[in-house]
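The structure under discussion appears below in the form of structure tokens.
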Amino acid sequence: MNEKFFDLSRVKQDRMINGALEVFAKNGFKHASTDDMVKAVDVSKGLWFHYFGSKLGLYTFVYGYSVKYMILELASAVDENEKNYFEIVKQIEYAKMRTSKSYPYMTMFLEKAFEETDADILEQTAEDRRIYQEKMTGLIKNGEIPGIVDKAKREKFKKIAHYTIEGIVKDKALLAEPEAVYKEIKNYLELLRDMAVAENSARKEGELSVDTVAS
């Protein structure tokens, strides 16, 4: 990559980054076209290659940039002392929402990147990919669902949360303001949290009833 890219105005940098993110997020690396990027941001193809050398160079740059940007947002939004799984996920989604205000396709791009199979892409982004995966895994690995003692049931709650968020994002991410998408995700996460609390209360009442009968 040509470091002179950073001599451009921030507005122009972001315009080019957003154009690349949009095309890669929608099409993946193999089917992404620099012609589409030119149309998206009205920057000549020659300028793209002047700064990034090739489509691979551009992809590698925007992937590394996205990982660094997202990790910074996560660091400021997620409380490392929080243990409630649903609260942690809400904070992660809040970070993604804030990111979407500046880079609407960044989250979609990072998720699409997990589907890449191109050997050059996997090699060039290996370190950033490892950093991002470790960060995301680390944030939620110790998340707890208070009161749900059955491990299999806890995992089901987590899967429901994951599929719910995935569905909301798929349906609305590009059709609604980031705040509206986050609000709907937040509402569903709070509903799941309340369901877990209610199930825990019912379990305790059941145990109490059994103890009372036994005594």
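The values are calculated or read from the model by the stated rules, or taken from the named source; none is laboratory data. Everything quoted here is computed from the prediction, not taken from an experiment. Glycine gets a Cβ as well: all are built from the backbone with ideal geometry, and neighbour counts include every protein chain shown.
Miscellaneous remarks
This table checks each residue for (1) part of a helix (DSSP H, G or I); (2) in contact with a Pro (Cβ under 7 Å, 6 or more places away or on another chain); (3) among the basic types (Lys, Arg).
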position	(1), (2), (3)
Glu93	yes, no, no
Glu111	yes, no, no
Glu115	no, no, no
Asp128	yes, no, no
Leu139	yes, no, no
Gly147	no, no, no
Lys170	yes, no, yes
Ala180	yes, no, no
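- So Lys68, is it modelled with pLDDT under 95 and either of a type outside the set (S, T, N, Q) or closer than 28 Å to Asp36 by Cα (or both): no
- Residue match in region 136-158 (condition: hydrophobic (A, V, I, L, M, F, W, C), under 20 Å from Tyr188 (Cα atoms) and free of Cβ contacts under 8 Å to residues at least 60 places away in the same chain): yes
- In region 149-168, the residue that is modelled with the lowest pLDDT out of those that are more than 24 Å from Ser102 (Cβ to Cβ) and either in a loop (DSSP other than H, G, I, E, B) or among the β-branched types (Val, Ile, Thr) (or both) is Val149.
- Residue identified as over 19 Å from Gly28 (Cα atoms) and either at pLDDT 95 or above or not β-branched (Val, Ile, Thr) (or both) among Glu179, Glu116: Glu179
- Total residues in region 75-90 satisfying the condition of being among the polar types (S, T, N, Q) and not in a helix (DSSP H, G or I): the figure is 2.
- Some residue of region 40-54 being touching a Phe, Trp or Tyr at 6+ places or on another chain (Cβ under 8 Å) and of a type in the set (A, V, I, L, M, F, W, C): yes
- Glu134 being assigned to a helix (DSSP H, G or I), among the acidic types (Asp, Glu) and on the phi < 0 side of the Ramachandran plot: yes
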